[in-house]
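The values are calculated or read from the model by the stated rules, or taken from the named source; none is laboratory data. Because the structure is predicted, anything quoted here is derived from the model rather than measured. Quick reminder, even Gly has a Cβ in these numbers, built from the backbone with ideal geometry, and neighbours come from all protein chains shown. The protein model used for the area step is the full one, side chains on, heavy atoms only, and it has no ligands, DNA or RNA in it. Shrake-Rupley method; radii C 1.70, N 1.55, O 1.52, S 1.80 Å.
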Amino acid sequence: MGRAFEFRKARKLKRWGNMSRTFTRIGKEITIAVKAGGPDPDMNPRLRMLIHNAKAENMPKDNIERAIKRATDKDSSDYKEIVYEGYGPHGIAIVVETATDNNQRTVANVRSYFNKHGGSLGTSGSLSFMFDHKSVFHIKPKEGMELEDLELELIDFGADDFDADEEEWVIYAPFEQFAALQKYFEDGGFEIASAEFERIPTDYKEVTPEQREVIEKLLERFEDDDDVQNVFHNMKED
């Protein structure tokens, strides 16, 4: 297995402290997807996948329906997806994905977190070369098919890393191939457990236990912010 597998193993840090935070994050994604592609899951593949992810997280049906309705409510917040990049203490590269209805508030908060923890906010795109933006699909093994056969099938989609156990196969492919892969799996009768986007480091930075403690305080501060959807970094785990 390659970097993607290492990245997956390394994600031990708490991303969402409780169930309500997870529901809030997914709810924002659903609202954004509806505004972009409409409220009908049959006609909106991204919404269809997000609803699937929500159900996999045991998100109540009422929450899902409220998120969809929120997108069509004229008085509701208009969320924008904004990505911030910067360096944390000890030179750790950090990418912060947000969904916000107030960019001024969000950028001020993100900048203050960096500054207060010995880091600095960079310019947009400044760290893009340090992370590969990937589509990640978790699918159930299909009867009569070996993972090696699937790997050959997915060469044309640019899939370049695979992980497998008895319960699921994980496929990593370029970000822009998400819709094409979703269609391939759905048309092929595969059971998709979940799907998301990840930013996988091209390299990892070694840190001492003392440095790790300082860095994790900053990462936790980001993750406690309601505007933050995801946080990625290149700190190597133990």
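Sorting Met130, Met19, Met235 on solvent-accessible area from highest to lowest, probe radius 1.4 Å, gives Met19, Met130, Met235. Can you check what the net charge comes to around Asn63, using other residues whose Cβ is under 14 Å from the Cβ of Asn63 (Lys, Arg +1; Asp, Glu -1)? Taking every other residue near Asn63 into account, the sum is +4. GNM on the chain, alpha-carbon springs under 10 angstrom: the most fluctuating residue among Pro89, Pro209, Pro141 is Pro209. Protein-only accessible surface at a 1.4 angstrom probe places the residues Tyr172, Tyr87 in the order Tyr87, Tyr172, largest first.
A simple spin-label model places the labels of Lys116 and Met145 4.8 nm from each other, with each point 7 Å out along Cα-to-Cβ. Given +1 at the Cβ of Lys and Arg, -1 at the Cβ of Asp and Glu and no other charges, the dipole of the range 196-237 around its Cα centre is 260 debye to the nearest 20. The GNM of the chain, with springs linking C-alpha atoms under 10 angstrom apart, assigns the highest mean-square fluctuation among Gly122, Gly27, Gly88 to Gly122. From the Cα gyration tensor of the range 63-140, with a ≥ b ≥ c the square roots of its eigenvalues, which class applies: rounded if a/c is under 1.5, or else prolate if a/b is larger than b/c, or else oblate? Verdict is oblate for the range 63-140.
As an equivalent ellipsoid, the range 135-207 spans semi-axes of 22, 14, 12 angstrom, where each value is the square root of five times an eigenvalue of the C-alpha gyration tensor, largest first. Multiplying each eigenvalue of the alpha-carbon gyration tensor of the range 16-58 by 5 and taking the square root yields semi-axes of 20, 11, 5 Å, largest first, rounded to whole angstroms. Taking all protein chains together and rolling a 1.4 Å probe, Lys61 ends up with roughly 150 Å² accessible. The percentage of C-alpha pairs in the range 10-128 whose separation is greater than 23 Å is 41%. Using bins of 10 Å that start at zero, the share of Cα-Cα pairs per bin across the chain amounts to 7, 29, 35, 23, 6, 0, in whole %. With helices as the sole contributors, the chain gives -12500 deg cm²/dmol at 222 nm; each DSSP H run of n ≥ 4 counts as -39500 (n - 2.57), and the sum is divided by every residue.
Within the shell defined by Cβ-Cβ distances under 10 Å, the residues around Leu121 carry a net charge of 0, with Lys and Arg each +1 and Asp and Glu each -1. Taking 0.36 nm per residue of separation and subtracting the Cα-Cα distance, full extension of the segment from Phe157 to Thr22 would add 45.6 nm.
Other residues within the sphere of radius under 13 Å centred on the Cβ of Val214, judged by their own Cβ, net out at 0 (K and R +1, D and E -1). Would you mind telling me which residue in Glu97, Glu166, Glu223 has the biggest mean-square fluctuation in a Gaussian network model of the chain, where springs connect alpha carbons within a distance under 10 angstrom? Sorting by GNM fluctuation, first place goes to Glu166. Kirkwood hydrodynamic radius computed over the range 173-237 comes to 14.8 Å, based on all pairs of distinct alpha carbons.
Largest accessible area first, the listed residues Thr98, Thr202 line up as Thr202, Thr98 when surface is computed with a 1.4 Å probe on the assembled protein chains.
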